[in-house]
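One structure is given here, and the rest of the page talks about it.
The values are calculated or read from the model by the stated rules, or taken from the named source; none is laboratory data. Quick caveat, the model's predicted, so the values are computed rather than measured. With ideal geometry, Cβ positions are generated from the backbone for all residues, glycine too; neighbour counts draw on all protein chains shown.
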Amino acid sequence: MNLDINSLYLKAKKGDIDAENELFLSLSVRFRHFADHRIWNDTDVEEVTQEALMTISKEYKNLEVKTSFEAWAYKVLDNRILKYIQSRKRKKDKTENVSDRDVTKAAAINPDLDLKRRLIDCLRKLGGINTRYARILNLRYQGYDSDEICARMDISISNLYTTLSRARSLLEYCLQTGKIK
């Protein structure tokens, strides 16, 4: 099974039906995982993913990609996610007439906001200490499976699991203390 999105795109564009099916199946799985981390509502994740896949299916055969089809496809998904977030914000603004809120008040109302802020801060600290940890976590976050990460990073599966374990431990410690060991 070929998991390289760009290779599958080239084969599908030439008319290979099996490659086209594999391309959209692979994109579907990755997109759901990617969108799930940003939207947190299964129904909305499915809707946004399907909208992105529909856009890609309509345009990919006529597309002239100069760099990476995969990057273009993720940009299509990212634009759909942004559109979704903006529409949710507009709906929220219409339903509640809220004046200016400061970050601490928003964090008190939504404790997850504080967790997100601390997690992003810890990820930046981790990336500053060890870029390999940050890159592997990022690939996992984007929906790549273990074999794909190993191939991209040119590491063994045991090395991947060791690195993931260390990175997660450092993130957990950072979330608790606010600093990296």
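Out of everything in the range 4-61 that is under 21 Å from ASP145 (Cα atoms) and outside any helix (DSSP H, G or I), what residue ends up being farthest from the chain's Cα centre (by Cα)?
Only one residue tops the list, namely ASP4.
Considering each of LYS83, LYS105, LYS89 in turn, give the residue that is over 20 Å from GLN176 (Cα atoms), at pLDDT 60 or above and more than 20 Å from the chain's Cα centre (by Cα).
The unique qualifying residue is LYS89.
Would you check which residues across the range 17-37 are of a type in the set (D, E, K, R) and either farther than 18 Å from ASN138 by Cα or outside the structural domain of TRP72 (by TED's automatic domain parsing) (or both) and list them?
ASP18, GLU20, GLU22
Please name all residue pairs, on different chains or six or more residues apart, with Cβ atoms under 9 Å, provided the first residue is in the range 163-181 and is within 15 Å of GLY127 (Cβ to Cβ) and the second residue is surrounded by fewer than 11 Cβ atoms within 10 Å (Cβ to Cβ) and among the small types (Gly, Ala, Ser).
If the second residue must be surrounded by fewer than 11 Cβ atoms within 10 Å (Cβ to Cβ) and among the small types (Gly, Ala, Ser), the pairs left are ILE180/GLY128.
Is it the case, given these coordinates, that LEU77 is of a type in the set (A, V, I, L, M), within 23 Å of ILE149 (Cα to Cα) and part of a helix (DSSP H, G or I)?
So LEU77 fits the description; yes.
Inspect all residues belonging to the range 136-146 and state whether any of them is among the polar types (S, T, N, Q), surrounded by 14 or more Cβ atoms within 10 Å (Cβ to Cβ) and not in a helix (DSSP H, G or I).
Yes: the range 136-146 contains one or more residues that are among the polar types (S, T, N, Q), surrounded by 14 or more Cβ atoms within 10 Å (Cβ to Cβ) and not in a helix (DSSP H, G or I).
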